[in-house]
1. With the crude spin-label approximation of a point 7 Å out along Cα→Cβ, what separation in nm comes out for residue 256 versus residue 281?
2. For residue 451 and residue 232 in one chain, what is 0.36 nm times their gap in residues minus the Cα-Cα distance, to one decimal in nm?
3. Around residue 229, what is the net charge, scoring Lys/Arg as +1 and Asp/Glu as -1 over all other residues with Cβ under 9 Å from its Cβ?
4. Run through all the Cα pairs of the range 341-452 and give the fraction in each 5 Å bin from 0, expressed as whole percent.
5. Pairs 109/245; 215/262; 262/378; 215/371; 359/424: which exceed 30 Å Cα-Cα?
6. Order of 324-332, 105-113 by packing, highest average Cβ count within 10 Å first?
7. Is the C-alpha gyration tensor of the range 253-305 telling us rounded, prolate or oblate? Criteria: a/c under 1.5 is rounded; beyond that, a/b larger than b/c is prolate, otherwise oblate.
8. Put +1 on the Cβ of every Lys and Arg and -1 on every Asp and Glu Cβ in the range 270-460; which of 361, 336, 393 then has its Cα farthest towards the positive end of the dipole?
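Nothing in this text is a laboratory measurement; each read-out follows from the coordinates by a stated rule. On a predicted model such as this, the values are computed, not experimentally measured, just so you know. Note that we place each Cβ from the backbone using ideal geometry, even for glycine, and neighbour counts take in every protein chain shown.
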Amino acid sequence: MILFHRLFPIVALFSAASFANPWTDAGTTISNTGNVSVSGTITGNAVQGGGVFSVAAYGAATSRTDNSVQFQNALNAAEVGPDGGTVLVPPGVYRFTSGIRIPAGVTLKGSWNAPHDGYNNVGSVLSVMTPGGPITATGFITMNNNSTFCGFTVVYPGLYKSVSGGTEYPYTIRGVFAPSLPGSGGTSVTIENVTIANCFRGIELSLPHTGHLIKNVNISTLTMGVYIDNNTDVGRIENLHIHNKFWWTAGNLTQSEQDLLKAQTMSTMVGMRFGRTDWEFVTGSFVIWANTGIWLDYFGTATPIPLPLANIMFTNGGVDESDIAVFVGRCIKTLGIGFNNYQFGAPMQISGNNEGPVKINNSNFINLIGKYPYLIAKYDVGTLMVSNTTFYNWPTLAIDANAGVTVINGGDFNKTVAGGTAVKSTNAGTYVSVTGSRLRVNGLTAASNGTITGSNNIAH
């Protein structure tokens with residue numbers, strides 16, 4: 001059985017003839033109707049007082065075809081200030097043909113105090129007009145130690161219209177950390193109240209660092225929402241929403257165009273990808289219409305694989321209507337990963353390469369797409385622990401245990417259509433225990449010398 005199919009190549013998404021692009025590189029002037037108030041007075045090119053600067057004072061304007069230099073000059077001025085600083089961006093649409101760098105200890109702040117549904121002409125909007133570039137490129141926003149990016153909408157007008165197989169864009173936001181101490185990685189970054197309304201790749205924090213906060217972020221993306229790796233301290237992701245609807249709004253998509261975008265993301269998009277991250281907490285986050293909602297694995301090339309790997313607690317979130325909800329390639333061997341109060345609208349696959357425990361509590365599984373015959377397929381030697389969880393309407397098996405140990409307590413296996421098995425233990429050396437559960441279907445099956453035991457279950 002193929003456990004996880006690779007992402008398909010990017011294919012043509014929209015034809016230029018059928019898709020209206022509301023932006024052009026030149027000839028469009030958008031008025032700036034809002035103002036950002038700051039403390040102090042403007043003297044020369046800087047706002048004096050409290051380490052607060054304004055991009056407007058450095059010549060940034062919505063009438064420019066490129067604001068890269070003006071934004072960078074303001075950010076550099078904040079960097080050399082005695083207290084670091086905050087660079088304010090008044091409402092308006094600012095075009096860019098080059099990326100910008102947020103220095104260490106500096107905040108770049110727009111007008112949005114919360115994420116939104118993808119408005120491309122309201123609040124502080126950064127419009128990326130570049131023709132794209134490979135994944136190895138620096139990216140549009142690069143962040144350094146203790147920098148903050150908050151209060152913005154980011155749009156890619158060139159992606160509104162079409163996506164071709166040969167076109168790539170680097171990550172929209174990327175951590176480019178500098179060592180804070182000899183031999184160490186960079187320190188924390190914060191990304192908050194941001195809507196990336198459409199992009200090829202979203203956020204990458206994969207270079208060595210200690211901690212991060214991604215909070216109140218909406219993303220529509222073709223290939224990658226958030227990629228975390230090499231984090232050696234507490235990482236936090238709160239209220240991350242990965243959904244095509246932000247693209248719908250930004251690009252004013254028709255229903256047929258929305259359907260094409262959905263087909264594309266279900267072929268090529270990963271919502272969240274995690275390599276090594278120590279004590280990661282993912283709360284209130286949601287992914288829909290992905291090839292893989294959450295992917296945990298080792299993404300380096302070293303052999304043997306350095307330890308530890310991902311140690312993550314997922315709470316109060318979900319993955320809906322995707323090809324695979326969660327693919328566990330590898331997680332930390334000792335503590336593993338946990339899901340609490342989670343909604344799985346697609347199957348979970350646990351690779352034979354994994355050795356760490358996978359823990360699921362107070363959650364729901366339903367196979368909305370129906371591509372795979374199971375809700376959970378387990379191939380690893382580790383332990384799967386499931387408690388107080390509902391499994392609803394699966395094609396053949398709710399849980400297909402092919403290796404290791406599976407412990408289920410307080411499960412509710414509910415299948416409204418006849419046929420199928422709740423839990424199957426397959427292959428010698430596979431051990432399954434099911435207790436205190438309701439089995440409304442055929443129940444428990446052992447095959448090929450697999451071992452399964454049950455007690456105090458209700459078959460009704």
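1. Each label point is offset 7 Å from its Cα along the Cβ direction, giving 4.9 nm.
2. 75.0 nm
3. Details: positive: 273, 276; negative: 204.
Local charge sum for residue 229: +1.
4. 3, 13, 25, 28, 22, 8, 1
5. Numbers: 109/245 24 Å; 215/262 25 Å; 262/378 28 Å; 215/371 33 Å; 359/424 18 Å.
Violating the 30 Å limit, Cα to Cα: 215/371.
6. By packing density, highest mean first, the sequence is 324-332, 105-113.
7. Details: a/c = 5.26, a/b = 1.96, b/c = 2.68.
Here the range 253-305 falls in the oblate category.
8. So the residue we want is 393.
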